[in-house]
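Remarks on the structure that follows.
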Amino acid sequence: MSLPEPYPDLDELLVSIGEAGLRLASIEAGEGAAGNISLCIGWPLEVRRRFPLSESLPLPLAAPALAGKLILVTGSGRRLRDIHRDPAANLGAIVVGPDGETGQLYTSPRRLFEHVTSEFNSHLAVHNDQIARTGTNFHALIHAQPPHLVYLSHVPAYREQATLNARLLRWEPETIVQLPEGVGVLPFLLPGSPAMMAANVAQLRENRVVLWSKHGVMARSDRSATKAADLIEYTETAAHYEYMDLVAGARGEGLTTDELRAIVRAFAVPTTLV
Ligand SMILES: [Zn+2]
């Protein structure tokens, strides 16, 4: 799916990244400088008034599907909760060159970081894959570290994808409506490693939220940064219920399969999970 015209302008996109960062901070999914956000934008936007400084940037991997596109991405060490105060100081704007191998990084004179996020390779690989496959003109990615979800991934049974989804989908009717394909699960993989990057790209083809076991999540949206943050919030809320139930001695009934099927029918949810 692509965003229709009239397209959001640069300031609206910067505000949406700030809002997403605040929302993630409010669910404690971005301690310290954990977490990062990027947007890939496929329509022409002039960035040089907000980001007048410019330097060339070799891309960490070839991204031919992103040639000519704009990526807004958080700086390394910046805090999700602080972006909204001055988005331009916390973000870089990268215009990908026609070869898809180099870019031009535009930044603000108030720039508060030396490099873009250390997870930029993961973001770039997913944007490239999704845009090559779907042709969308907009793609948002968020990595965050929601504590209840990450805790569950430390319990071996929850690293089994069918089990995790059955456990998470049973607490609120919204969960299956918002996440009809459920949550993807990756085993623990070394952060930033090629194995992590490849597994993440593949899993995000199937699921809009992917749990990186013992680490965090990545969520994608072709609507907005705040929609990607919403998906993380729905997933973390479900994990919070599940955690409460574990701590309370598993006394909760949860939605039954019949109740879930009724929800799926009533809202015409395109799911194979129940
Ligand atoms: Zn992380």
Of the listed residues (ALA25, ALA29), the one being within 16 Å of the ligand (Cβ to nearest atom), under 30 Å from TYR151 (Cα atoms) and outside any loop (DSSP other than H, G, I, E, B) is ALA25
If we keep only residues of segment 208-226 that are in contact with a helix residue (DSSP H, G or I) (Cβ under 9 Å, 6 or more places away or on another chain), over 12 Å from PRO147 (Cα atoms) and not in a strand (DSSP E or B), then the residue least open to solvent (accessible area, probe 1.4 Å) is ALA225
Check your understanding: Does at least one position in segment 66-75 carry a residue that is of a type in the set (Ser, Thr, Tyr), free of Cβ contacts under 8 Å to residues at least 60 places away in the same chain and either open to solvent by 10 Å² or more (accessible area, probe 1.4 Å) or more than 16 Å from the ligand (Cβ to nearest atom) (or both)?
Key -> no
Restricted to segment 114-129 and to residues being within 15 Å of the ligand (Cβ to nearest atom) and of a type in the set (A, V, I, L, M, F, W, C), the residue farthest from ILE37 (Cα to Cα) is VAL126
Residues of segment 144-182 being among the charged types (D, E, K, R) and open to solvent by less than 40 Å² (accessible area, probe 1.4 Å), in sequence order, are ARG170
Restricting segment 204-238 to residues that are within 15 Å of the ligand (Cβ to nearest atom) and out of contact with any strand residue (DSSP E or B) (no Cβ under 7 Å at 6 or more places or on another chain), the one farthest from GLY30 (Cα to Cα) turns out to be LYS214
Filter segment 9-52 for residues that are closer than 22 Å to TYR106 by Cα and without any contact (Cβ under 8 Å) to a residue 24 or more places away in the chain; the one that is nearest to the chain's Cα centre (by Cα) is GLU12
Inside segment 183-196, the number of residues satisfying the requirement of being more than 16 Å from the ligand (Cβ to nearest atom) and open to solvent by 60 Å² or more (accessible area, probe 1.4 Å) is 1
Segment 58-149: strands (runs of 3 or more DSSP E) wholly inside it with 2 or more residues that are over 18 Å from the mean Cα position of the chain (by Cα) are 91-96, 102-107
Quick count over segment 227-274, residues being part of a helix (DSSP H, G or I) and under 19 Å from VAL210 (Cβ atoms), is 15
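The values are calculated or read from the model by the stated rules, or taken from the named source; none is laboratory data. Fair warning: this is a prediction, and the values are worked out from it, not measured in the lab. When we count neighbours, we look across all protein chains shown, and the Cβ atoms used for this are built from the backbone with ideal geometry, even at glycine. When the accessible area is computed, the model is the full protein with side chains, heavy atoms only, and any ligands, DNA or RNA have been set aside. Shrake-Rupley method; radii C 1.70, N 1.55, O 1.52, S 1.80 Å.
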